[in-house]
Amino acid sequence: MSKALERLTTANMSRRTLFKGVGALGAGFMLSRLGLLRVALAQDETVAEIANIAATAESMAVTLLGGAIESARNGGYDRQIPGPVIDILEAARATEQFHLEYLLSAGAQPLTQTFTVPDTSILSSYDALFSTIVALEGAFIAAYIAAARRFAELKQTELVKVAFQIAGTEAEHRVLANYALGTRPANDVAFEKALFNSVGEAAELLQRLGYIGGDGPSVTYPGPGTIRTAGVIETVPGGPTVDCMPPGMPAPAPAPAQPKPGCLYFLETGHNVCAGFRAFWEHFGGLAIFGYPLTEEFVENGRTVQYFERARFEWHPGAAPDRWDVLLGLLGREVTAGRENEPPFRTATPCPGAHTWDGSHVPDHVECVYFPQTGHNLAHGFLRYWQMFGGVPIFGYPISEEFRERNPDNGREYTVQYFERARLEWHPGEWPERWDIMLGRIGAQVLATRGRR
């Protein structure tokens with residue numbers, strides 16, 4: 001098996017070369033069972049299909065690394081693996097776990113979490129272990145390159161960014177394995193190989209190499225040992241929002257729709273609000289809180305969503321039956337990604353006399369509340385508005401202090417505060433009955449940046 005893996009980094013990687021001699025009939029049966037056959041042979045993969053395959057691969061990495069770490073700590077290898085190298089393996093396993101958790105939170109469903117070990121020497125041979133890590137990481141990196149290419153075709157620019165963020169971490173794992181192996185320079189790749197036309201081809205490769213449905217011993221996620229995540233930083237994708245539109249080119253306008261039976265239709269934007277999304281919109285604030293719909297319902301990152309001027313509705317079946325299973329997307333976090341080190345977004349100290357948020361109603365005499373969940377204060381009019389019109393379920397926790405910022409819609413400066421799902425803006429004299437507070441149009445902002453419908 002080690003020679004088959006070695007070919008991963010040295011051969012031309014055409015499917016004919018790599019899979020020569022493998023029984024196509026048996027492989028096809030297994031792929032059909034896992035739902036991979038159509039994906040592996042097509043280049044029109046959906047976001048959900050890619051996410052499911054990625055979650056499968058990340059589950060496999062966590063599982064197999066767990067076995068290697070346990071064997072290393074028990075002295076099971078033919079050469080002693082030094083403590084610092086074991087710590088590297090622990091950290092690699094933890095980062096793969098964070099990748100998996102991100103994918104699962106986005107709705108991914110692993111195709112399987114039971115894997116087979118085609119060559120058990122990876123649990124006893126030092127060279128076999130690190131050679132295998134080098135080869136498999138090369139395949140994982142190439143799979144994320146294929147994913148990024150497909151996401152770009154789908155105009156899912158944020159997912160392009162996330163794919164390369166994960167691929168960068170996989171490349172670090174390969175460098176560390178090369179260093180431990182000591183047979184070649186640790187970082188001898190200037191440009192990664194684009195090995196696959198689709199992510200499904202990478203899944204097919206894992207099956208053909210015997211990691212899925214093979215003849216070797218089987219192991220089920222998460223494998224042996226505790227996943228030690230305490231030392232890992234950057235545990236969720238961050239950074240500036242990605243815009244792949246050429247400079248000066250306006251984002252395409254959301255496509256207008258025809259009125260649908262049983263739905264609210266808005267001539268102002270040419271879009272409907274239907275079923276559970278309509279019920280949620282009407283019950284929890286309507287036009288004043290969420291604004292007009294800017295899209296129809298569509299599938300994004302494997303989930304049914306709809307964008308409004310000030311929010312993104314997401315359908316999470318079974319998650320919130322009392323709210324029509326509708327949750328609001330974390331648009332506040334998305335539009336502020338990469339600003340964590342700016343002064344308003346840094347962890348703050350409680351304001352004098354602050355009430356610590358405990359989930360209960362804040363009495364009227366309290367002028368400031370401190371949220372230890374995010375390390376920020378919420379005070380005065382913003383506090384009153386937040387509590388009266390939705391609180392945590394609608395707006396989320398504060399992720400900044402109050403500060404002055406130029407509004408992207410009209411270029412004027414306002415006092416604002418960001419929350420996980422919203423941006424509150426103070427517009428003096430414009431809406432006295434609501435403390436002159438309005439919600440920023442961050443739904444429209446995200447759509448314009450991404451060039452979506």
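The values are calculated or read from the model by the stated rules, or taken from the named source; none is laboratory data. From a predicted model like this one, the values you see are computed outputs, not experimental measurements. Methodologically, a virtual Cβ is constructed for each residue, glycine included, from the backbone with ideal geometry; neighbour enumeration extends over all protein chains shown.
Listed by first and then second residue, the pairs linking a residue in the stretch 370-391 that is more than 14 Å from residue 420 (Cα to Cα) to a residue that is small (Gly, Ala, Ser) and in a helix (DSSP H, G or I), with Cβ atoms under 9 Å apart and 6 or more places separating them unless they lie on different chains, are 389/288.
Checking every residue in the stretch 105-121 against the condition of being modelled with pLDDT of 90 or more, in a helix (DSSP H, G or I) and under 24 Å from residue 73 (Cβ atoms) gives at least one match.
Within the stretch 377-384, identify whether any single residue is of a type in the set (S, T, N, Q) and part of a strand (DSSP E or B), and answer yes or no. Scanning the stretch 377-384 turns up at least one residue that is of a type in the set (S, T, N, Q) and part of a strand (DSSP E or B).
Selection of the stretch 182-222 for residues being of a type in the set (Gly, Ala, Ser), over 25 Å from the mean Cα position of the chain (by Cα) and in a loop (DSSP other than H, G, I, E, B) yields 182, 186, 190, 210, 213, 214, 216. Taking the criterion of being on the phi < 0 side of the Ramachandran plot and at pLDDT 90 or above, would at least one residue in the stretch 146-157 satisfy it? Scanning the stretch 146-157 turns up no residue that is on the phi < 0 side of the Ramachandran plot and at pLDDT 90 or above.
Pairs please, first residue from the stretch 335-351 and in contact (Cβ under 8 Å) with a residue 60 or more places away in the chain and under 18 Å from residue 165 (Cα atoms), second anywhere and of a type in the set (Asp, Glu) and in a loop (DSSP other than H, G, I, E, B), Cβ atoms under 8 Å, 6+ apart in sequence or on different chains. Once the first residue is in contact (Cβ under 8 Å) with a residue 60 or more places away in the chain and under 18 Å from residue 165 (Cα atoms) and sits in the stretch 335-351, no partner that is of a type in the set (Asp, Glu) and in a loop (DSSP other than H, G, I, E, B) comes close enough.
Here residue 163 meets each of (1) over 21 Å from the mean Cα position of the chain (by Cα); (2) hydrophobic (A, V, I, L, M, F, W, C); (3) more than 19 Å from residue 70 (Cα to Cα) with one exception, condition (1).
Tell me which residues, restricted to the stretch 56-72, are free of Cβ contacts under 8 Å to residues at least 60 places away in the same chain and surrounded by fewer than 24 Cβ atoms within 10 Å (Cβ to Cβ). Hits for the stretch 56-72 are 71, 72. Filtered by the rule that a residue be under 16 Å from residue 201 (Cβ atoms) and of a type in the set (Phe, Trp, Tyr), the stretch 114-150 gives 140, 144.
Close contacts from the stretch 84-97, counting a first residue that is in contact (Cβ under 8 Å) with a residue 24 or more places away in the chain and a second that is hydroxyl-bearing (Ser, Thr, Tyr) and crowded, with 18+ Cβ neighbours inside 10 Å, with Cβ to Cβ under 7 Å and a gap of 6+ residues or different chains, come to 95/169.
Would you check if residue 95 is β-branched (Val, Ile, Thr) and surrounded by fewer than 21 Cβ atoms within 10 Å (Cβ to Cβ)?
The answer is no for residue 95.
Taking the criterion of being part of a loop (DSSP other than H, G, I, E, B), over 23 Å from residue 438 (Cα atoms) and among the charged types (D, E, K, R), the residues of the stretch 251-301 that qualify are 260, 296, 297.
Residue 322 satisfies every condition listed in (1) surrounded by fewer than 18 Cβ atoms within 10 Å (Cβ to Cβ); (2) in a helix (DSSP H, G or I); (3) touching a residue at least 40 places away in the same chain (Cβ under 8 Å) except (3). Of the residues making up the stretch 405-431, those that are free of Cβ contacts under 8 Å to residues at least 12 places away in the same chain and either within 18 Å of residue 287 (Cβ to Cβ) or not assigned by TED's automatic domain parsing to the domain that holds residue 287 (or both) number 2.
Okay, residues lined up against (1) in a loop (DSSP other than H, G, I, E, B); (2) hydroxyl-bearing (Ser, Thr, Tyr):
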position: 400; (1), (2): yes, yes
position: 404; (1), (2): no, no
position: 418; (1), (2): no, yes
position: 421; (1), (2): yes, no
position: 424; (1), (2): no, no
position: 428; (1), (2): yes, no
position: 433; (1), (2): no, no
